Each structure stands twice: as C-alpha cells, then as structure tokens.
Amino acid sequence: MATAPQGQRPTGERRTAILGAAARLFAAHGYRGVTIDDLGRAVGTTGPALYRHFPGKEALLGEVLVDVSERLARRGRALVTGADGPEQALEALLRGHIEFSLEEPDLITVHDRELVNLTDDDRRRVRRLQRGYVEEWVAVLSALRPESPRADLRASVHAVFGLLNSTPHSRGPLSRSAMSTLLLRMGSAALRAEAPPQG
C-alpha cells in the first residue's frame, strides 16, 4: 500500500471536504463498496492523488471516525467547562449532541457499521475518546444524582446516546426543530429517571 509523505496531510477546508465526502460515500455504499477513485472524484481529484494525503482507504476511514470522536470529546469538555452548574451543563451536552446527530447522520451511520474495519490502533483511539466523552456526561449526572451508582449513570448515558443517534432512521417527516425539541425532552427525562428499586 502506498505511504503518504510526511507533512502533507490536508488541513482546513480541504481536510473537511475530504472527510465529509468520505463519510457520505461510506454511509451510502459501505466501506467495501467505495473505491479510492470514488473518493477522489467526490472531491474533484483522482483516487491516486489522495495518496498524497492518506496511505489508503483504511486510513481515511480511520481519520473520519477519529476526527468525529475528537470533535465530540473536545466539544463536550468545552460545554461542561462553560456551563454555570450541572443543570446547565446537562442541557448544553444534550443540545450539543442533538445538533451533531441532526447535522451529521452520515457519521453516525459510518460509526455504527464500519468500526470493525478500522485498524486496531484507530479503533483503540476512537474507543478511548468515546470513553472520555461519556465520562463528561457521567460526571455531570453524578452531581445531579449523587445517590446513583456511576455504573447506572454510565448505562443511562449510553442508552440516551442510542436514542439521540437514532436520528438517521427515526426523524421521518418531522422538521429539524420539532425533532430537536422532542429529543431534548426525551433525553432529559431519561437521564433524570431514577432506577427502579431492586428486588
């Protein structure tokens, strides 16, 4: 496989365009249904020209999923840091993730379907970033529900991610605004729900 020269990774708008095109194609046709030539054409170049930026299709898939994981983790930290207390932080996290889920459904689809096609290193990076993002939510919930075990809070966060990330399939005819309001109400209710008594 070709190796990308050092120092030639795309930056700024070019990088955004390449990753966005890759996400759209992988979501529409699957990782194995997309060729490097398809990816090149989608950004107005040739497949081989992409080798100047990425060693190959596998590396590009890794970049797509690592990038979105980094962005979510970074945004989560910023939202919590900028919030005035846990109530505001929880709403900010919910609104931020809802915005992501409505604006970037291709990335949700690619993550759900193609994580298995990442290299071991990229998969570990994605998982590490995702764990950090989850723990931002768990820390906020812990301040709101101090009596709840962290394992319960973590399970609640994962369940709500399942709800919010269902938008590629569940939005239907609802407007963006209506879906956003619905998800905010449902997500908030789910995260604040107390666990049923044991036994």
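The values are calculated or read from the model by the stated rules, or taken from the named source; none is laboratory data. Given the structure is predicted, the values throughout are model-derived calculations rather than measurements. All Cβ positions, even for glycine, are placed from backbone atoms using ideal geometry, and neighbour counts span all protein chains on display. Each accessible area value is taken on the protein alone, full model and side chains, heavy atoms only, with ligands, DNA and RNA left out. Shrake-Rupley method; radii C 1.70, N 1.55, O 1.52, S 1.80 Å.
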Fill in the blank from the handout: Heavy-atom accessible area per residue of the chain, all protein chains kept, 1.4 Å probe, expressed in Å², is 53
Exercise for the section: Please give the FRET efficiency for residue 148 paired with residue 52, using the beta carbon to beta carbon distance and R0 = 45 Å, rounded to the nearest 0.05. Expected result: 0.35
Handout entry: On Cα atoms only, tilt of 120-144 relative to the major axis of the chain in degrees
Key = 20
Problem - Helix axis angle, 12-29 relative to the chain longest principal axis, alpha carbon, degrees - result: 80
Problem - Euclidean distance between Cα centres, the stretch 45-70 to the stretch 19-39, Å - result: 10
Fill in the blank from the handout: For residue 45 and residue 193, extending 7 Å from Cα along the Cα-Cβ vector and measuring point to point gives, in nm, a value of 4.8
Exercise for the section: May I ask you to evaluate 6.51 cos²θ - 1.76 cosθ + 1.60, the Karplus curve with θ = phi - 60°, for each residue of the stretch 53-63 and list the ³J(HN,Hα) values in order in whole Hz, giving x for glycine and proline? Expected result: 10, 9, x, x, 4, 4, 5, 5, 4, x, 5
Practice task
Pop a pseudo-label 7 angstrom from the Cα along the beta-carbon direction at both residue 14 and residue 91 and give the gap in nm to one decimal.
Solution key: 4.3
Practice task
Consider a paramagnetic label point 7 Å from the Cα of residue 29 along Cα→Cβ; state which residues of the stretch 41-66 have an amide N under 14 Å from it.
Solution key: 41-48, 57
Completion exercise
Taking max minus min of the Cα coordinates of the stretch 21-93 on each principal axis, largest first, gives extents in Å of 50, 24, 19
Fill in the blank from the handout: The correct ranking of 136, 114 by accessible area at 1.4 Å, largest first, is 136, 114
Fill in the blank from the handout: On the accessible surface of the stretch 103-199, probed at 1.4 Å with all protein chains in place, carbon and sulfur together account for a percent value of 56
Completion exercise
Kirkwood Rh for the stretch 91-151 from C-alpha pairs, in Å, is 13.5
Problem - Cα extents of the chain along the three principal axes, largest first (Å) - result: 59, 38, 36
Practice task
Please work out whether the stretch 46-160 counts as rounded, prolate or oblate from its C-alpha gyration tensor, where a ≥ b ≥ c are the square roots of the eigenvalues and a/c under 1.5 means rounded, while otherwise a/b larger than b/c means prolate and anything else oblate?
Solution key: prolate
Practice task
Round to the nearest 10 and give me the degree value, 0 to 90, for the angle of helix 150-164's Cα axis relative to the longest principal axis of the chain.
Solution key: 60
Exercise for the section: Show that you can apply the helix-only estimate: for the chain, add -39,500 (n - 2.57) for every DSSP H stretch of four or more residues, divide by all residues, and state [θ] at 222 nm to the nearest 500. Expected result: -23500 deg cm²/dmol
